[in-house]
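Taking it in order: structure first as C-alpha cells, then the write-up.
The values are calculated or read from the model by the stated rules, or taken from the named source; none is laboratory data. What you see is a predicted model, and the numbers here were worked out from it, not measured in a lab. Backbone-built Cβ (ideal geometry, glycine too); neighbour counts: all protein chains shown.
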Amino acid sequence: MESLRSYHEESAANILSFVRQRVDEFTREHQNEVFSGFAFDCNVYEGVELNLCFTTNGHLTDILHYYQTGEYQKYYLSEEGILGLKYNTGDWMYQCFSCMNCIEDHTYSYFRTDEQGKHTYWMELLSQVMVDFLATPEYAAINKSDDFSVLVYDHDEDAEVSEKRLMKISPNPVFILN
C-alpha cells in the first residue's frame, strides 16, 4: 500500500483544487440559495469517480411530499424513510453538479490492488480531502442552513458510514447526521 499512498497523496492536492474551484463556481451561480447538504458521492469501483452534490431544505420538502403521497408513502412517513431520503444524493436537487475521475494514470499499480484495499484507501483519502475543504474560503462562502450536513460516501453505502468515517478524522458537527 505504500506505493499507493505516494500516488494518492499527490492526487489529493489536485482533487482539493477541483473541489474548491467547482464549489466556488457553483455557489456564485446559486448565491441566493441556502444549502442544507454537500456531498462527495463517490464510485470507487468506476475509476474513483467523484460527484459533487448540493441540496436545499426546500427541495427536500418538495421531494418528501412527492414520496409521501406516492406508492411508498408509508415508508416515507417514518423517521427512517425521511432520513434515508434526506441523505440520498440521488434525490438531491443538484446531484452530480460536477464530476471528476480521480485516477490520472490508468496503468498505475492501483488496478492490481485488492478491491477492499482500493475502496478503503480512496474513501479515507476523499474523507480527508473533505476535512481539508472545510478549512477553505470556498467552504466558508457557502450559504448554509442551520442543519447543514456534509457526506463522503461510496454510492452504495449508507450515510451512517460516512458519519463514522468522517468523525474518526475530525469531530466536526457538520458530519453528524440528524
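A few notes on this one:
- Segment 40-59 residues that are closer than 12 Å to Tyr87 by Cα, paired with ones that are small (Gly, Ala, Ser) (beta carbon under 7 Å, 6 or more apart): Cys53/Ala39; Phe54/Gly37; Thr55/Ser36; Thr55/Gly37; Thr56/Ser36; Asn57/Ser36; Asn57/Ser145
- Those residues of segment 151-167 which are of a type in the set (A, V, I, L, M), over 10 Å from Ser127 (Cα atoms) and in contact (Cβ under 8 Å) with a residue 12 or more places away in the chain, in sequence order: Ala159
- Residues of segment 49-105 satisfying the condition of being of a type in the set (Val, Ile, Thr) and surrounded by 13 or more Cβ atoms within 10 Å (Cβ to Cβ): Thr55, Thr56, Ile63, Ile82, Thr89, Ile103
- Single match in Ala39, Ala140, Ala135 (criterion: more than 15 Å from Ser11 (Cβ to Cβ), touching a Cys at 6+ places or on another chain (Cβ under 8 Å) and either surrounded by fewer than 18 Cβ atoms within 10 Å (Cβ to Cβ) or not polar (S, T, N, Q) (or both)): Ala39
- Of residues in segment 50-82 being in contact with a Ser or Thr (Cβ under 7 Å, 6 or more places away or on another chain) and among the hydrophobic types (A, V, I, L, M, F, W, C), the one farthest from Arg20 (Cα to Cα): Leu60
- In segment 133-162, the residues that are among the acidic types (Asp, Glu), assigned to a helix (DSSP H, G or I) and modelled with pLDDT of 95 or more: Glu138
Here's the yes/no breakdown for (1) touching an Asp or Glu at 6+ places or on another chain (Cβ under 9 Å); (2) modelled with pLDDT under 85; (3) not β-branched (Val, Ile, Thr):
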{"residue": "Lys74", "(1), (2), (3)": "no, no, yes"}
{"residue": "Trp92", "(1), (2), (3)": "yes, no, yes"}
{"residue": "Cys96", "(1), (2), (3)": "yes, no, yes"}
{"residue": "Tyr110", "(1), (2), (3)": "no, yes, yes"}
{"residue": "Leu125", "(1), (2), (3)": "yes, no, yes"}
